[in-house]
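The values are calculated or read from the model by the stated rules, or taken from the named source; none is laboratory data. On a predicted model such as this, the values are computed, not experimentally measured, just so you know. Here Cβ is always computed from backbone atoms with ideal geometry, including for glycine, and neighbour counts include all displayed protein chains. Quick note on the areas: whole protein, heavy atoms, side chains included, nothing else; ligands and nucleic acids left out. Shrake-Rupley method; radii C 1.70, N 1.55, O 1.52, S 1.80 Å.
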Amino acid sequence: MAANPDRIARTLLELQPYIERARTFSGWSFDLFRDIDAPPSWDYVAIARDHASRASRVLDLGTGGGEVLSRIAEGVATRFVATEEWHVNAPVARDRLAPLGVPVVRAQSEQQRDDLVRERKGPLPFRDDAFDLVLSRHEGIMPAEIDRLLRPGGLFLTQQVARGQWEELRAFFPRMTVWPDHFTGYRREFEEMGYAVTGEEYRWRVASAGLGDLVYTLLVCSWEIPGFDPVAEIDALLAME
């Protein structure tokens, strides 16, 4: 059942500033949700800093705007390098990390090109056994490529997003992306290569202040609902609200 025309018009007017702001988004730091449940027991930044302090060379994959890596690298006497594929985020990361002496390389972490697949070459432009520690807070990865880059005895640390995040939205947006089960898949691939793997999975509830914050997030995270259009899909948004 379609929403009342007056409500639609009023809501679209309220959403317009969020839509405009999403068009100029850069960096990767937006705290638009508040925790209802306790967050995970682990602290990714603290764990990464601890391991980085005992490494000589550290690679951070998909650094975004460098927000998290800047917290990891500050005051740590280790050689860091970061990658970021997105042309919007790469200059943001470069400017943020430059004072820390961290270079940013434009590169993708997952294999896309058919010729790379045929030649069994990884997509990252670094030599074999180049790093003691590889970090990937949210970036999708190729376990075989991580294995190529790590020195013997090296460590890989990641904090992936669970495939079931925002599952409540699927009833209103059935085309919502179904992500692979990285928690199981990555673990299996690393174990098959002989790595000792430890991992935890945690789910907790969060809330947004209103529909605008959620619309902004879905526009920025365009991979969650492909082709998401808050104007064309206003009925679904209002039903969800």
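Between the range 167-226 and the range 144-165, the alpha-carbon centres lie 17 Å apart.
Taking the 1.4 Å solvent-accessible surface of the range 1-100 as the whole, the part contributed by carbon and sulfur is 51%. The HN-Hα couplings worked out from phi for the range 75-84 by the Karplus form 6.51 cos²θ - 1.76 cosθ + 1.60 (θ = phi - 60°) are x, 9, 7, 9, 7, 10, 9, 10, 10, 7 Hz, whole numbers, x standing for Gly and Pro.
Taking the Cβ of W28 as the centre, find all other residues whose Cβ is under 14 Å away and add up their charges (Lys, Arg: +1; Asp, Glu: -1).
-3
With protein chains left intact and a 1.4 Å probe, residues in the range 50-104 average 46 Å² of accessible area per residue. Taking all protein chains as they are arranged and a probe of 1.4 Å, the heavy atoms of F172 leave approximately 80 Å² accessible to solvent. Each Lys or Arg adds one and each Asp or Glu takes one away; over the other residues whose Cβ falls under 11 Å from the Cβ of P40, this sums to -4. Between E200 and R170, take the C-beta separation as r, use R0 = 25 Å, and let me know the FRET efficiency to the nearest 0.05. FRET efficiency, E200 to R170: 0.50.
Across the accessible surface of the range 173-241, with the other protein chains kept in place and a 1.4 Å probe, carbon and sulfur atoms take up 54 percent.
Of the peptides 136-147, 63-74, the order by per-residue mean of other Cβ atoms within 10 Å, starting with the highest, comes out as 63-74, 136-147.
Report for the chain the percent antiparallel among DSSP-assigned beta bridges with both residues inside it, nearest 5. Kindly include the intermediate steps, with their values, before the conclusion.
Working: 3 of 17 bridges.
Close to 20 percent.
Between D128 and Q111, what length in nm is gained on full extension when 0.36 nm per residue of separation is reduced by their alpha carbon distance?
4.5 nm
The calculated FRET efficiency for H182 paired with D6, based on their beta-carbon distance and R0 = 41 Å, is about 0.40. Protection proxy ranking, highest mean first, for peptides 224-235, 16-27: 224-235, 16-27, where packing is the per-residue count of other beta-carbon atoms within 10 Å, averaged. Each residue of the range 158-165 is assigned a 3J(HN,Hα), and the resulting list reads 9, 9, 7, 8, 5, 5, x, 5 Hz, derived from the Karplus form 6.51 cos²θ - 1.76 cosθ + 1.60 (θ = phi - 60°), x at Gly and Pro.
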